[in-house]
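The values are calculated or read from the model by the stated rules, or taken from the named source; none is laboratory data. The shown structure was predicted, so the numbers you read here are calculated from the model rather than taken from an experiment. Glycine gets a Cβ as well: all are built from the backbone with ideal geometry, and neighbour counts include every protein chain shown. Note: areas computed on protein heavy atoms with side chains; ligands, DNA, RNA excluded. Shrake-Rupley method; radii C 1.70, N 1.55, O 1.52, S 1.80 Å.
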Amino acid sequence: PVKEAASPTTSSSPPTSKPPTKKRTSPKVPHKTREEWVQEIQESYKAGDTIVVGIDPGARYIGFCIRNDHGRIFVSSTFRRTDEMPDSVEWAKEVVRRIAQELEDIDYQVMGIEGVADPKGFKNGKRDALNPKDIIRTGIVVGALVVTYPDAYVVRPRSNGSKDKSEYPSCLLDRRPNDLGGVKDPGVTVRDHERSAYDVTNHALFAHVQSK
């Protein structure tokens, strides 16, 4: 006898569908206002902490950081020179204005400004033609800042901002957290200038402690 293939069984009840699962979303943290981080800095200052400011000057970008001597970062910002401001002196004036604006109502004891290294004429280990444009522009900015803040420590460039990411606080990595004070100008896509300003605070704080 020929065996017939068994016909598939049918169910009279309609198939059941699982209700859609709702995605769990954590409450969004609002951006910290200037009034909030100024108050936090003043409370830290009144508690006896040392407030440290770090600045990473550049021909196009400026990194800026305010922290205390216990490693708490209150402010981390990146300022960017726009294409409408090609003049180096005007950019230096704008940097001084922005820094003064950020430091208004802030009591700080230590400031560090990254200096400029002499050009070596080498790139990737090979002799390369020099383009002094950016070095000159950076030097103008550094000079304007040093004249404005004569008590600041001038920090020698030494791989600031380019160390292994494990050496930096998590708030200075990847996307900017909303609970971190500061600003990121339009067109800024990286945070290495902020990390450089943080490194500058470390060197300035060390020099300050050594000077006592």
In whole Hz and in residue order, list the ³J(HN,Hα) couplings for the stretch 189-205 that follow from phi through the Karplus curve 6.51 cos²θ - 1.76 cosθ + 1.60, θ = phi - 60°; x for Gly and Pro. 10, 10, 10, 5, 5, 5, 5, 5, 4, 5, 4, 4, 4, 4, 5, 5, 5
With a 1.4 Å probe and all protein chains in place, put 88, 76, 162 in order of accessible area, largest first. 162, 88, 76
Check which residues have an amide H placed less than 5 Å from residue 182's amide H, if you skip close sequence neighbours. 76
Residue 108 - accessible surface, heavy atoms, 1.4 Å probe, Å² rounded to 10: 80 Å²
Separation of the stretch 130-183 and the stretch 188-212 by C-alpha centroid, Å? 7 Å
Residue-ordered couplings for the stretch 154-159, obtained by feeding phi - 60° into the Karplus form 6.51 cos²θ - 1.76 cosθ + 1.60 and rounding to whole Hz (Gly and Pro as x), are 8, 8, 5, x, 8, 6
So, R0 is 30 Å and r is the distance between the beta-carbons of residue 45 and residue 83; what FRET efficiency does that work out to, to 0.05? 0.20
The set of residues whose placed amide H lies less than 5 Å from the amide H of residue 115, leaving out same-chain residues fewer than 5 positions away, is 155, 156
Please list 3J(HN,Hα) in residue order for the stretch 54-68, calculated via the Karplus relation 6.51 cos²θ - 1.76 cosθ + 1.60 where θ = phi - 60°; whole Hz, with x for glycine and proline. x, 10, 10, x, x, 6, 10, 10, 10, x, 9, 9, 10, 8, 10
What is the gain in length, in nm to one decimal, between residue 151 and residue 107 on full extension, counting 0.36 nm per residue of separation less the C-alpha to C-alpha distance? 14.4 nm
If ligands, DNA and RNA are left out, what is the accessible area of residue 35 with a 1.4 Å probe, given in Å² to the nearest 10? 130 Å²
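Using DSSP to call loops (not H, G, I, E or B), can you name the trypsin sites (Lys or Arg not before Pro) in the stretch 137-203 whose Cβ has at most 15 other Cβ atoms within 10 angstrom?
Sparse-neighbourhood loop trypsin sites (Lys or Arg not before Pro): 158, 163, 175.
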Note on the stretch 77-212: alpha-carbon gyration tensor, axes a ≥ b ≥ c; rule is a/c under 1.5 for rounded, else prolate if a/b larger than b/c, else oblate; result rounded
